[in-house]
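Some notes on the structure that comes next.
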Amino acid sequence: MSAPLRVGVLGCGSIAQRKALPALVAGPDTVVAAIASRDKDKAARYASEFGGEPVGYEDLLTHPGVDAIYLALPTGLHHEWTRAALEAGKHVLAEKPLTASAADTRDLLELAERRGLVLRENFVFPYHAQHRAVRELLAGGRIGSPRSFDAVFCIPPLPATDIRYSPRLGGGALLDLGVYLIRAAQDLFGELTLVGATLREDPRTGVDVAGSALLLAGGGVMVTVRFGMEHAYGSWYSAWGSTGRLLLDRAFTAPATLEPVVRITDALGEHEERLPADDQFRQACAAFAAQVREGRHEPDPAVLHTAELVDEVRRSARRASPSDSPPEVA
């Protein structure tokens, strides 16, 4: 395939409008062929801005001018519609997390493999060059032997109508934010084993609004992750080694214009590694198109491992009762 990958967009959510659609339009490897929404007027508005034909959900799956689906529906709908797209013979780039459970994730990965189709979970942050720089620093012994890894992704409270407060739609801080941290630790240190976890649930909605987990990586690296949607904003990780430590801020949400800085502290003092700006959404879309073009449809084992760890956290976590919640600040 030498022509651009013809992508149909399923779901007109905020992430599609703000990040994914501009990336699909900007890159030479992809073109928006169709946009589907339950709201026909919304699909038409998006199509007028980004191109493509406004259609309904079912029509998108059978559209002859669509090679692949970018799926931006709420997490609770991912399994149903990703399965439908694969059954229709379309490659799929689905927003993270791929599904809300390991069983559903395994089902989709096995289906994609049987059909010889590319199925990708759209974590975009690993495609930012700053993470490659961190991997090179760790591999080069810049902080000695890694001993621990701490990662945080927290956001302020959302409007009460936000889908992340809906259990039916796959809401909660673990699925929305915690998955980033688990995936980042996997990418840097390999497979993880869960040691323990906590979750604080909102008694009104039933979704988890904060949590933490302790995991072990190879070589005895201790991994701590903290996530929540009742906090001041934070998105960073820190690796501590035998001779130094490093810190990367805006680790998961770096804007395309941001020039990242890796801060390193060792026996010689504090240093900064300044890195060039990078567009992680555009890089992720280009990587998906290349995978389809080259026929590389082997499943990524990290996808299922992340889903299994999320299931373990949910199953084994100590639940904080409403009385354990922090007091409101006037």
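Mind ordering 195-202, 168-175 by average Cβ neighbours within 10 Å, highest first?
Numbers: 195-202: 18.5, 168-175: 22.8.
For the peptides 195-202, 168-175, the packing ranking is 168-175, 195-202.
Calculate the spin-label point distance for residue 259 paired with residue 205, positioning each point 7 Å from the Cα along the beta-carbon direction, and give it in nanometres.
Result for the modelled spin labels: 3.8 nm.
Between residue 113 and residue 242, what is the spin-label point distance in nm, taking each point 7 Å from the Cα along the Cα→C-beta axis?
With each label placed 7 Å out from Cα toward Cβ, I get 3.7 nm.
Please state the shape class of the stretch 1-151: rounded when a/c is under 1.5, otherwise prolate if a/b exceeds b/c and oblate if not, all from the C-alpha gyration tensor.
Working: a/c = 2.08, a/b = 1.64, b/c = 1.27.
Cα axes put the stretch 1-151 in the prolate bin.
Give the calculated FRET efficiency between residue 268 and residue 300 to the nearest 0.05, with a Förster radius of 45 Å applied to their Cβ-Cβ distance. Before the final figure, lay out each step's value.
Values: r = 38 Å, r/R0 = 0.85.
It comes out at approximately 0.70.
Once phi is turned into θ = phi - 60°, what whole-Hz ³J(HN,Hα) does the Karplus curve with 6.51, -1.76 and 1.60 give for every residue of the stretch 259-266, x standing for Gly and Pro?
Whole-Hz 3J(HN,Hα) from phi for the stretch 259-266: 9, x, 10, 9, 9, 10, 10, 8.
Projected onto the charge dipole of the stretch 79-153 (+1 at Lys/Arg Cβ, -1 at Asp/Glu Cβ, origin at the Cα centre), which of 153, 143, 93 gives the Cα projection farthest towards the positive end?
143
Once you order the gyration tensor axes a ≥ b ≥ c over the Cα atoms, which shape class does the stretch 241-326 get: rounded for a/c under 1.5, otherwise prolate or oblate by comparing a/b with b/c?
Working: a/c = 1.95, a/b = 1.01, b/c = 1.92.
Taking the square roots of the gyration eigenvalues as a ≥ b ≥ c, the stretch 241-326 is oblate.
Points 7 angstrom from Cα along the Cβ direction at residue 26 and residue 106: gap in nanometres?
In this crude label model, residue 26 to residue 106 measures out at 3.9 nm.
Counting other Cβ atoms within 10 Å, which chymotrypsin sites (Phe, Trp or Tyr not before Pro) in the stretch 205-272 have at most 15 and lie in a DSSP loop? Please list the in-between numbers first.
Working: sites: 227, 233, 236, 237, 240, 252; in loops: 233, 252.
Those satisfying the criteria are 233.
So if I take the centroid of the Cα atoms in the stretch 11-68 and the same for the stretch 213-259, what is the distance between those two points in Å?
Answer, in whole Å: 33.
Given the peptides 177-189, 64-76, arrange them by the average over their residues of other C-beta atoms within 10 Å, most packed first. Intermediate values should be presented prior to the final figure.
Working: 177-189: 23.5, 64-76: 20.8.
Averaged packing, sorted descending, gives the order 177-189, 64-76.
With the Cα gyration tensor of the stretch 39-126 giving a ≥ b ≥ c as the square roots of its eigenvalues, does the rule (a/c under 1.5 for rounded; else a/b larger than b/c for prolate; else oblate) give rounded, prolate or oblate? Numbers along the way, then the final one.
Details: a/c = 1.94, a/b = 1.53, b/c = 1.27.
Cα axes put the stretch 39-126 in the prolate bin.
Run the helix sum for the chain: -39,500 (n - 2.57) per DSSP H stretch of 4+ residues, divided by residue count, reported at 222 nm to the nearest 500 deg cm²/dmol.
Numbers: 9 runs with 98 residues, N = 330.
That calculation yields -9000 deg cm²/dmol at 222 nm.
Sort 100-107, 141-148 by the packing proxy (mean of other Cβ within 10 Å over each peptide's residues), most packed first.
On the way: 100-107: 18.6, 141-148: 16.5.
Descending mean neighbour count gives 100-107, 141-148.
Hey, any idea what % of the chain's accessible area is carbon plus sulfur with a 1.4 Å probe? Please list the in-between numbers first.
Values: 7680 of 14850 Å².
So the carbon and sulfur contribution to the accessible surface is 52 percent.
Towards the positive end of the charge dipole of the stretch 1-71, with charges on Cβ (+1 Lys, Arg; -1 Asp, Glu), say which of 36, 66, 12 has the farthest Cα.
Positive-end residue among those listed: 12.
Which lysines, if any, have their Cα less than 19 Å from the Cα of residue 19, not counting same-chain residues under 8 positions apart?
List returned: 42, 96.
Assuming 0.36 nm per residue, please report the length gained on full extension of the stretch residue 277 to residue 49 beyond their Cα-Cα distance. Could you put the intermediate results ahead of the total?
Numbers: separation 228, 0.36 × 228 = 82.08 nm, distance 2.57 nm.
Answer, rounded to one decimal: 79.5 nm.
Pairs of alpha-carbon atoms within less than 8 angstrom and 6+ residues apart define the contacts here; what relative contact order does the chain have, in percent? Kindly include the intermediate steps, with their values, before the conclusion.
Values: 705 pairs, mean separation 61.7, N = 330.
It comes to 19 percent, rounded to a whole number.
The values are calculated or read from the model by the stated rules, or taken from the named source; none is laboratory data. Computed from a predicted structure; not experimentally measured. Here the Cβ is made from the backbone with ideal geometry for all residues, glycine too, and neighbour counts use every protein chain on show. The accessibility values were calculated without ligands, DNA or RNA, using every heavy atom of the protein model including side chains. Shrake-Rupley method; radii C 1.70, N 1.55, O 1.52, S 1.80 Å.
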